[in-house]
Amino acid sequence: MLNPAPLSPSLLLTFTFALALLLGLGVKFWLASRQIRHVAQHRDAVPAAFASTITLPAHQKAADYTLVKARFGLLELILGTVILIGWTLLGGLDALNQMLLAWLGTGMTQQLALIAAFTLIGGLIELPITLYQTFVIEERFGFNKMTFKLWLVDLLKSSVVGVLIGLPIVALILWVMGATGAWWWLWAWGIWMGFNLLLLMVYPTFIAPLFNKFKPLEDESLKARVTALMQRCGFAAKGLFVMDGSKRSAHANAYFTGFGAAKRVVFFDTLLSKLSPGEVDAVLAHELGHFKHKHIIKRIVSLFALSLLGFALLGWLATQIWFYTGLGVTPQLNAPNDALALLLFLMVSPIFSFFIAPLSARVSRKHEFEADAYAVAQTSGNDLSSALLKLYEDNASTLTPDPIYVKFYYSHPPASERLARMAP
């Protein structure tokens, strides 16, 4: 009796990739359908815990906003899946690579051109999606404050910054891949991590001001409160700034940016217009809680570890012919395939990492609870509760998400869980 021939590594990869893609697509559709159904079912009544603080129209606006985004997200998911299959199994990336090889020959120029062309094509495909999200969905719910001119200027600026920053780092990594032997991935990982740390330091001072205006906080009484809070928490920042977020969006936020001595506290002008001084204190104390519990350092260390594993895996896959052929690409046998390896890895790895997303979301929600607890200890729990409610309402965040959807996707706990923990 004859035994069936085993699958070749190339066919095995094709089968595994297709199976993971379809399984992930099915899970995402199932989760989205649960979220849509759950939010729609609870649209017509404000949850009892929020009945005295959230109006029915505000609750219904949040539900409608969530539903519109979720349904549009399903269309994005279908389009993204079709595009991914087109680039890989249907031979799109291979065709682009062969065309550039015929034009430019082998070498660094061709590899950089491949990455640049892939990025440009992907960006052009994304443009209609971005335009619809900004000028239809966000506009419909009163959040968009951008003109088309400002949107276009932002696009041009971000494209120039991307080229000036991205092209040199990609060229350096490609050079390292070809010049440093079998352990190239370790050198590339070190360069990538160094680049990310450098970006954390230079972004607040040199990049962010290209897109927004940052003015020192002028409200002296609020500045005194915030400074006293930071001193009480043992936190030092380079400055307190107000950002003109209102020229692009009605959403409100506050955040820390920078790293080391370059740390800044940034308030959206929309946030300061909506919250009382005590509520601003509470929101800032929450962010300070992340630093006090070393959440930022933990995330950076996790990023270091995961990216090291990723580079190590890429270092091995890049030498395997079946990695290319199994994903619809014909590699060059006597020339570098480094750009192909990078692009394939960046396209395919999210398909598999999707299945561990709930672990990352769970850790993030745990960190948010810890930051909330720290804020309550340092300021007023009532102020934090009222600030969170205002932000949930202001950002049209639904108060009734599906519990399974939350466990899979939410990096922040739902309002009901956060406020329940703050209750005296």
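The values are calculated or read from the model by the stated rules, or taken from the named source; none is laboratory data. What you are looking at is a predicted structure, and each value in this text was computed from that prediction instead of being measured. Glycine gets a Cβ as well: all are built from the backbone with ideal geometry, and neighbour counts include every protein chain shown.
Could you check region 380-391 and list, in sequence order, the residues that are buried (at least 20 other Cβ atoms within 10 Å of the Cβ) and at pLDDT 85 or above?
Step one: of region 380-391, the residues buried (at least 20 other Cβ atoms within 10 Å of the Cβ) are 383-385, 387-388, 391.
If the condition is that a residue be buried (at least 20 other Cβ atoms within 10 Å of the Cβ) and at pLDDT 85 or above, then Asp383, Leu384, Ser385, Ala387, Leu388 are the ones that fit.
Evaluating Glu138 against the criteria (1) more than 30 Å from Ala63 (Cβ to Cβ); (2) touching a residue at least 40 places away in the same chain (Cβ under 8 Å) leaves one unmet condition, (1).
Table: residues versus (1) more than 21 Å from the chain's Cα centre (by Cα); (2) part of a helix (DSSP H, G or I); (3) modelled with pLDDT of 85 or more; (4) not aliphatic (A, V, I, L, M).
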| position | (1), (2), (3), (4) |
| --- | --- |
| Ile121 | no, yes, yes, no |
| Thr134 | no, yes, yes, yes |
| Trp151 | no, yes, yes, yes |
| Leu172 | yes, yes, yes, no |
| Gly194 | no, yes, yes, yes |
| Tyr203 | no, yes, no, yes |
| Ala208 | no, yes, no, no |
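When Val176 is tested against (1) surrounded by 13 or more Cβ atoms within 10 Å (Cβ to Cβ); (2) under 23 Å from Gln111 (Cβ atoms); (3) in contact (Cβ under 8 Å) with a residue 24 or more places away in the chain, only condition (3) is not met. Are any residues in region 123-168 within 26 Å of Leu342 (Cβ to Cβ), surrounded by 14 or more Cβ atoms within 10 Å (Cβ to Cβ) and in the same structural domain as Lys61 (by TED's automatic domain parsing), and if so, which ones? Residues satisfying the conditions are Gly123, Glu126, Ile129. Identification of helices (runs of 4 or more DSSP H) wholly contained in region 302-401 with 2 or more residues that are farther than 30 Å from Ala58 by Cα, in contact (Cβ under 8 Å) with a residue 24 or more places away in the chain and over 19 Å from the mean Cα position of the chain (by Cα) yields 321-325, 338-353. Checking the structure you have, find out if any residue of region 404-421 is closer than 23 Å to Gln41 by Cβ, in contact (Cβ under 8 Å) with a residue 24 or more places away in the chain, surrounded by 15 or more Cβ atoms within 10 Å (Cβ to Cβ) and more than 25 Å from the chain's Cα centre (by Cα). Within region 404-421, one or more residues are closer than 23 Å to Gln41 by Cβ, in contact (Cβ under 8 Å) with a residue 24 or more places away in the chain, surrounded by 15 or more Cβ atoms within 10 Å (Cβ to Cβ) and more than 25 Å from the chain's Cα centre (by Cα).
Taken over region 205-229, the criterion of being hydroxyl-bearing (Ser, Thr, Tyr) and either assigned by TED's automatic domain parsing to the domain that holds Phe268 or over 30 Å from Lys149 (Cβ atoms) (or both) is satisfied by Ser221, Thr227. Filtering Val242, Val226, Val202, Val176 for residues that are over 27 Å from Phe135 (Cβ atoms) and in contact with a strand residue (DSSP E or B) (Cβ under 7 Å, 6 or more places away or on another chain) leaves a single hit, Val226. If you filter region 38-76 down to residues that are under 28 Å from Gly26 (Cβ atoms) and among the aromatic types (Phe, Trp, Tyr), you find that the one that is surrounded by the most Cβ atoms within 10 Å (Cβ to Cβ) is Tyr65. Being among the small types (Gly, Ala, Ser), crowded, with 17+ Cβ neighbours inside 10 Å, in contact with a helix residue (DSSP H, G or I) (Cβ under 6 Å, 6 or more places away or on another chain) and touching a residue at least 24 places away in the same chain (Cβ under 8 Å) is the requirement here; does Ala20 meet it? Spelling it out, it is not the case that Ala20 is among the small types (Gly, Ala, Ser), crowded, with 17+ Cβ neighbours inside 10 Å, in contact with a helix residue (DSSP H, G or I) (Cβ under 6 Å, 6 or more places away or on another chain) and touching a residue at least 24 places away in the same chain (Cβ under 8 Å). Only one of the numbered conditions (1) at pLDDT 75 or above; (2) buried (at least 17 other Cβ atoms within 10 Å of the Cβ) is violated by Ser276, and that is (2).
Of the conditions (1) modelled with pLDDT under 85; (2) crowded, with 18+ Cβ neighbours inside 10 Å; (3) closer than 23 Å to Leu389 by Cα, Ala285 clears all except one; give me its number. Status for Ala285: all satisfied but (1).
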